[in-house]
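*Asks:* Quick one: the structure is below, questions incoming.
The values are calculated or read from the model by the stated rules, or taken from the named source; none is laboratory data. Just so it is clear, the structure is predicted and the values come from calculations on it, not from any experiment. Here the Cβ positions follow ideal geometry from the backbone for every residue, glycine too, while neighbour counts run over all protein chains shown. The accessibility values were calculated without ligands, DNA or RNA, using every heavy atom of the protein model including side chains. Shrake-Rupley method; radii C 1.70, N 1.55, O 1.52, S 1.80 Å.
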Protein chains: 2
Amino acid sequence: MNEFDLIQRLTSSLPTNQSVVTGPGDDCAVLDLGLPDRLLLFKTDAVVQGVHFTAETDPEKIGSKALARCLSDIAAMAGTPNSALITLGLPREYDPAFVEKIYSGMSRMAKRYDVAIVGGETTTNPGGILISIAVLGTVARGKAVLRSGAKPGDALFVTGELGDSIAGKHLDFEPRLAEARWLADNFSLHSMIDLSDGLAGDLRHIVKASGVAAELHSASIPISRSARLAAKAEGSAKSPLLAALTDGEDFELLFTVASRDAVPLVDAWKKQFPKTKLTCVGKIVAGEGVTIRSEKGVLNLSAHGYEHFS
Amino acid sequence: MNEFDLIQRLTSSLPTNQSVVTGPGDDCAVLDLGLPDRLLLFKTDAVVQGVHFTAETDPEKIGSKALARCLSDIAAMAGTPNSALITLGLPREYDPAFVEKIYSGMSRMAKRYDVAIVGGETTTNPGGILISIAVLGTVARGKAVLRSGAKPGDALFVTGELGDSIAGKHLDFEPRLAEARWLADNFSLHSMIDLSDGLAGDLRHIVKASGVAAELHSASIPISRSARLAAKAEGSAKSPLLAALTDGEDFELLFTVASRDAVPLVDAWKKQFPKTKLTCVGKIVAGEGVTIRSEKGVLNLSAHGYEHFS
């Protein structure tokens, strides 16, 4: 049984209650606890030594990344983060200075977005350092953007550039909180997700949750300069385009709007965020799966790369 | 640097914001997000293979305990749990059936207290299974009971019996949610904590947070039958009394009320919870530290045992 099958089984019959608006399966859970104007967002995420970082990684960046990953999920719902709890697993032998730097990176990221760190738990974790963070946030009623609202005909947009992760962006990124709130305040977003698994993988989450298909246009994908350089330097088997589609950890926003909103959106965005790219990379259509259209024709795209039509 | 010193340093300058009513250092964080009648409670806790359980432990009990520990912290604030997120760290090789049973134990515990499990995260944790749970709850405004409100003259009460942990209670207990809410609804509780470190240790948290001292009466400590039997069977160096005071993981409530409330409280409790003991084990006095009075005299009590007066 692979990890996805296991998660599927574990989460298929979890207990729920009256306050749950959106349970497992989106970027955050959405809860209605009776706040007059807002819903709550609730999210957890973990990074682990030997999996997400090593003893050689800059500890301040480990801390800031650990929190920023959660904040990016709050952004993907068009929410505002409020507070965080930290679970810190430490091996029996550890360097206190390293751990303090993890905390200082986390604190700096928290301060930047007015997130309170309100407690946590320290425990022994024999295999290495593990940081699990739970974040609580809020979103205006009616403004939470789910993965499941994409409609055939929608235009598909992505912020920023893709493929920088390999050059270090995965450790050093800003969650797109302001951008997401501005988008939700000014346009009717049909669906949104943050890019953690790569555009190819995360777009599949949107189309699956929405019961639709997506067509990407290869010429439109905003490939970063470092992805182009990396592919060249390594004489890589992966083209810059494929790296941009599948490398993951870009932490950009991927979202859909009705096609009539596409042009006004691009115009307004340029005025609001002149330094950040916004690119229409394709459209939502009826059906299932993700395809990519290039000069060479149309290919199916899995989370990991191209597939020949079967 | 020991763990307590490290936590002290890590939590000494954490970012806060306007919504924080009570930050790190109590059983839960308390947040004011603008609910008209309630405050939010936010708590995280973790259990780790090789530290809190082994591969031989009943996996359903691992799951129910992992959640019940958090619920016990919500009880210690006189709150009501609402929802939980699960972070599950798994080694590269694991038994899916074992993991499913952890989840089923957790789900059963959640259902019993109407707690929704609204999501989570599965990650690789090379050293073994780790379960980190974040719980969100609520408490009526004005009813959250902190560790810091004990006053000289208060009577000190404990629910249930102490010392059963070694006989398996640490894996199989019910959080005292109903009892705590009833107490807070009907009496003015000055301070409260749940017993995870043992009465000797957790009482120190109350007296430290409140800036007071406590005197226990050794003859009043409600020592469980299994603690008496265990001490006898092992020919243990630890007396049953010391085991009851220091073994930890009783998950009973320890709280203080004004002395004038002590008798009415005991009377009302007997009617409300006839099957559960409630015992006055001592009183709060001015000063600092914890002492215990027996026929042999008065001894200082640390978290781990008796100390001679220095």
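*Asks:* Going by amide H atoms built from the backbone, whose H comes under 5 Å of the H on B:Ser191, apart from near neighbours?
*Replies:* B:Thr256
*Asks:* Let me ask something else about it. What whole-number volume per residue, in cubic angstrom, does the convex hull of the C-alpha atoms of chain B give?
*Replies:* Details: hull volume 49.1 nm³, N = 310.
Expressed per residue, the convex hull around the Cα atoms of chain B is 159 Å³.
*Asks:* Solvent-accessible area of A:Ile129, probe 1.4 Å, all protein chains present, reported in Å² to the nearest ten, please.
*Replies:* 10 Å²
*Asks:* To two decimal places, what compactness ratio does the stretch B:250-296 give when its Cα radius of gyration is scaled by 2.2 N^0.38 Å?
*Replies:* Values: Rg = 13.1 Å, N = 47, 2.2 N^0.38 = 9.5 Å.
For the stretch B:250-296, the normalised Cα radius of gyration is 1.38.
*Asks:* Something else now. Suppose the Debye formula is applied to equal point scatterers at every Cα of the stretch B:80-233; what is log10 I(q)/I(0) at q = 0.11, 0.17, 0.18 Å⁻¹?
*Replies:* -0.62, -1.18, -1.23
*Asks:* Please compute the average number of Cβ atoms from other chains found within 10 Å of each residue's Cβ in peptide B:26-35.
*Replies:* Values: counts 2, 1, 3, 9, 1, 5, 0, 9, 5, 6.
The mean count of partner-chain Cβ atoms within 10 Å per residue comes to 4.
*Asks:* Rounded to a whole number, what % of the accessible area of the protein assembly as shown do carbon and sulfur atoms account for, probe 1.4 Å? Each step should come with its number before you reach the end.
*Replies:* Details: 12580 of 25460 Å².
Roughly 49 percent, rounded to a whole number.
*Asks:* Determine the per residue accessible area of the stretch A:92-153 with all protein chains present and a 1.4 angstrom probe, expressed in square angstrom. Intermediate values should be presented prior to the final figure.
*Replies:* Details: 2390 Å² over 62 residues.
On a per-residue basis, 39 Å².
*Asks:* Hey, if we sort B:Asp37, A:Asp164 by accessible area with the 1.4 Å probe, largest down, what's the order?
*Replies:* Working: B:Asp37 85, A:Asp164 40 Å².
My answer, sorted largest first, is B:Asp37, A:Asp164.
*Asks:* GNM, chain A, Cα, under 10 Å: largest mean-square fluctuation among A:Gly128, A:Gly120, A:Gly297?
*Replies:* A:Gly297
*Asks:* Point me to the residue of chain A whose C-beta lies closest to the A-onto-B rotation axis, rounding the distance to whole angstrom.
*Replies:* Looking at chain A's Cβ atoms against the axis toward B, the nearest is A:Gly127, 1.
*Asks:* Among A:Lys238/A:Lys270; A:Lys238/B:Lys101; A:Lys43/A:Lys169; A:Lys101/A:Lys208; A:Lys61/B:Lys61; B:Lys169/B:Lys283, which pairs are too far apart, with a Cα-Cα distance over 30 Å? Kindly include the intermediate steps, with their values, before the conclusion.
*Replies:* Numbers: A:Lys238/A:Lys270 32 Å; A:Lys238/B:Lys101 41 Å; A:Lys43/A:Lys169 22 Å; A:Lys101/A:Lys208 40 Å; A:Lys61/B:Lys61 37 Å; B:Lys169/B:Lys283 27 Å.
Distance filter (> 30 Å) returns A:Lys238/A:Lys270; A:Lys238/B:Lys101; A:Lys101/A:Lys208; A:Lys61/B:Lys61.
*Asks:* Hey, got the Cα dimensions of the stretch B:26-149 along the principal axes, in Å, largest first?
*Replies:* Result for the stretch B:26-149: principal-axis Cα extents of 48, 26, 22 Å.
*Asks:* Counting only helical runs of four or more DSSP H residues, what would the 222 nm mean residue ellipticity of chain A come to if each run contributes -39,500 (n - 2.57) and the total is spread over all its residues?
*Replies:* Numbers: 8 runs with 93 residues, N = 310.
It lands at -9000 deg cm²/dmol.
*Asks:* While we're looking at this one, here's another question. Considering only C-alpha atoms, what is the centroid distance from the stretch A:241-310 to the stretch B:199-247, in Å?
*Replies:* 63 Å
*Asks:* Just to be sure I understand the model, the point goes 7 Å from the Cα along the line to the Cβ. What's the resulting A:Val21 to B:Asp185 distance in nm?
*Replies:* 2.9 nm
*Asks:* Suppose you put the label 7 Å out from Cα in the Cβ direction; list, shortest first and in nm with one decimal, how far A:Lys296 is from each other copy's label.
*Replies:* The projected label point of A:Lys296 is separated from its counterparts by 8.4 nm.
*Asks:* Now, a different point. Starting from a Cα-only point model with no solvent, please compute log10 I(q)/I(0) by Debye for the protein assembly as shown at q = 0.06, 0.07, 0.09, 0.12 1/Å.
*Replies:* -0.35, -0.47, -0.74, -1.21
*Asks:* What are the label-to-label distances in nm, one decimal and shortest first, from A:Ala219 to the same spot in the other copies, with labels 7 Å along Cα to Cβ?
*Replies:* Inter-copy label distances (nm, one decimal, shortest first): 9.4.
*Asks:* Let me know the mean shielding of A:78-87 by other chains, meaning the per-residue number of their Cβ atoms within 10 Å of its Cβ.
*Replies:* Numbers: counts 0, 0, 0, 0, 8, 11, 6, 10, 6, 8.
Partner Cβ neighbours, averaged per residue: 5.
*Asks:* Please compute the Cα-Cα pair-distance distribution of the stretch B:165-310 with 5 Å bins starting at 0, giving whole percents from short to long.
*Replies:* 2, 9, 18, 23, 21, 16, 9, 3, 0
*Asks:* To the nearest 10 square angstrom, how much accessible area does B:Arg9 have with a 1.4 angstrom probe?
*Replies:* Counting only protein heavy atoms, B:Arg9 exposes about 120 Å² to solvent.
*Asks:* Next question, about the same structure. Return the value, in Å² to the nearest 100, of accessible area buried between chains A and B (probe 1.4 Å, both sides summed).
*Replies:* Working: alone 15450 and 15450 Å², together 25460 Å².
For chain A against chain B, roughly 5400 Å² becomes buried.
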